[in-house]
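K.L.:
The following block contains the structure, expressed as structure tokens.
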Ligand code: OGA
Ligand code: NI
């Protein structure tokens, strides 16, 4: 057995988790504190998007994005058969002999197809109880040839799933654009050539689930995530400082706002902390699709989202720049005593509040009526950024969900 993957260690029947997986006491799941379900995230019926109730559904989506950052959808247009197929293929993949799985192993986050474990084995101090296969999947023809070809129907089944999910994403992005008062195709146009990644997360049973995470609290760095989970609970989202379990509802998808959507909405919509816990009885599989802008897309609050009362919260940046920060944020210097704190990539791209730069941003908006896009805005951003980024870097606002 190699030491690279967790599945094989877990299957060997260990009674105690290795010390590298044990979280400090202040950063454990505290499962008895978690609220179970009586008031979970909203469930939205997408059927109405196609008819006279469209504006009603858009209102529901808008409220969910503002209040929860998360919602579930039914009547999403993806068949039970397809959902069954993708779950099966993931389950079969993680049951392949270790030597077969290891053919796709890599710990390099820039690889476009890779099997790995935990979160980022290069930079993290404590491991998480998860193996995952991560695939880039749009445009399909650029990536499919890299994917595993075992099980034999892997490429065909996954490609079909990706195409269907992309259709769903595009419909939801239109609804979200409208819900922000933007043109229906605003986000579609804004995110360049588009990018789509997916993961197959495998969380083996864990002999001591109270000491570790499947995935520790994080926000998703991309635009929007569409998550399919099997029937085993494990996903939790933070609401008003409390962790809420999102228990599986068969044949629904969970949709959450990612950091880029929070930026594009100038903080009106929330990219919310969430995490996955594990259990001692059952393995769990989840399949998130991460929809993203292309690497060179410039992201920042659109002028339509900025006015006197809502000054731009973020500077412009490229998604590539953001993504790199997301994967390497653990290497940023911390203030003393905050080693275990959760650093959010988002914080590095904020205009520092109450700085001269921030006040100038408000003044510019006020004087001009609206923040202008194009070269003026770009030049303006550069001025603020040269001072602003240095300040944000040396003193990021930190939130620690486990505290
Ligand atoms: C993720 C994620 C949750 C889950 O992969 O980003 O949040 O339930 N997964 O697996
Ligand atoms: Ni996530």
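K.L.:
Condition first: in contact (Cβ under 8 Å) with a residue 40 or more places away in the chain, in contact with a strand residue (DSSP E or B) (Cβ under 9 Å, 6 or more places away or on another chain), surrounded by fewer than 18 Cβ atoms within 10 Å (Cβ to Cβ) and not in a helix (DSSP H, G or I). Can you find one or more residues in region 51-73 that meet it?
P.N.:
no
K.L.:
State the number of residues belonging to region 215-239 that are over 22 Å from residue 325 (Cα atoms) and either within 7 Å of ligand 1 (Cβ to nearest atom) or within 10 Å of the chain's Cα centre (by Cα) (or both).
P.N.:
So the count comes out to 5.
K.L.:
I need the full set of residues from region 234-248 which are free of Cβ contacts under 8 Å to residues at least 24 places away in the same chain and touching a strand residue (DSSP E or B) at 6+ places or on another chain (Cβ under 7 Å), in order please. Please lay out each step first, then the result.
P.N.:
Start the filter on region 234-248 by keeping residues that are free of Cβ contacts under 8 Å to residues at least 24 places away in the same chain, which leaves 240-241, 248.
248 - this is the single residue of region 234-248 that is free of Cβ contacts under 8 Å to residues at least 24 places away in the same chain and touching a strand residue (DSSP E or B) at 6+ places or on another chain (Cβ under 7 Å).
K.L.:
Identify, by number, the condition in (1) surrounded by 15 or more Cβ atoms within 10 Å (Cβ to Cβ); (2) at pLDDT 95 or above that residue 109 doesn't meet.
P.N.:
Of everything listed in (1) surrounded by 15 or more Cβ atoms within 10 Å (Cβ to Cβ); (2) at pLDDT 95 or above, residue 109 misses just condition (2).
For every residue, the table says whether it meets (1) more than 14 Å from ligand 1 (Cβ to nearest atom); (2) within 16 Å of the chain's Cα centre (by Cα); (3) in contact (Cβ under 8 Å) with a residue 24 or more places away in the chain.
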{"position": "250", "(1), (2), (3)": "yes, no, no"}
{"position": "281", "(1), (2), (3)": "yes, no, yes"}
{"position": "287", "(1), (2), (3)": "no, yes, yes"}
{"position": "292", "(1), (2), (3)": "no, yes, yes"}
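K.L.:
If residue 275 satisfies all but one of (1) within 23 Å of residue 21 (Cβ to Cβ); (2) in a loop (DSSP other than H, G, I, E, B), what's the number of the condition it fails?
P.N.:
That leaves (2) as the condition not met.
K.L.:
Among 183, 178, which is more than 13 Å from residue 274 (Cα to Cα), more than 16 Å from ligand 1 (Cβ to nearest atom), touching a helix residue (DSSP H, G or I) at 6+ places or on another chain (Cβ under 7 Å) and free of Cβ contacts under 8 Å to residues at least 60 places away in the same chain?
P.N.:
On the way: 178 fails: free of Cβ contacts under 8 Å to residues at least 60 places away in the same chain.
Residue meeting the stated conditions: 183.
K.L.:
Restricting to region 94-129, count the residues that are more than 30 Å from residue 193 (Cβ to Cβ), outside any strand (DSSP E or B) and in contact with a strand residue (DSSP E or B) (Cβ under 7 Å, 6 or more places away or on another chain).
P.N.:
So the count comes out to 4.
K.L.:
Same structure again: Sort through 265, 271 and tell me the only one that's in contact (Cβ under 8 Å) with a residue 40 or more places away in the chain and more than 13 Å from ligand 1 (Cβ to nearest atom).
P.N.:
Just one listed residue meets the conditions, 265.
K.L.:
Still on this structure, I have one more. All but one of (1) touching a helix residue (DSSP H, G or I) at 6+ places or on another chain (Cβ under 6 Å); (2) more than 26 Å from residue 30 (Cβ to Cβ); (3) surrounded by fewer than 18 Cβ atoms within 10 Å (Cβ to Cβ) hold for residue 280, so report the exception by its number.
P.N.:
(2)
To keep it simple, each residue is scored yes or no on (1) under 29 Å from residue 228 (Cβ atoms); (2) more than 16 Å from ligand 2 (Cβ to nearest atom); (3) outside any loop (DSSP other than H, G, I, E, B).
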residue	(1), (2), (3)
282	yes, yes, no
286	yes, no, yes
290	yes, no, yes
296	no, yes, no
304	no, yes, yes
312	no, yes, no
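K.L.:
In addition: Is it the case that residue 304 is over 29 Å from residue 350 (Cα atoms), away from ligand 1 (no atom under 16 Å from the Cβ) and touching a residue at least 24 places away in the same chain (Cβ under 8 Å)?
P.N.:
So residue 304 does not fit the description; no.
K.L.:
Only one of (1) out of contact with any strand residue (DSSP E or B) (no Cβ under 6 Å at 6 or more places or on another chain); (2) under 23 Å from residue 61 (Cβ atoms) fails for residue 153. Which number is that?
P.N.:
(2)
K.L.:
For residue 84, state whether it is more than 19 Å from the chain's Cα centre (by Cα), in a helix (DSSP H, G or I) and surrounded by fewer than 19 Cβ atoms within 10 Å (Cβ to Cβ). If you could, list the steps in order and put the result at the bottom.
P.N.:
Working: more than 19 Å from the chain's Cα centre (by Cα): yes; in a helix (DSSP H, G or I): yes; surrounded by fewer than 19 Cβ atoms within 10 Å (Cβ to Cβ): yes.
Criteria met by residue 84.
The values are calculated or read from the model by the stated rules, or taken from the named source; none is laboratory data. From a predicted model like this one, the values you see are computed outputs, not experimental measurements. For neighbour counting, all protein chains shown are included, and Cβ atoms are generated from backbone atoms with ideal geometry for every residue, glycine included.
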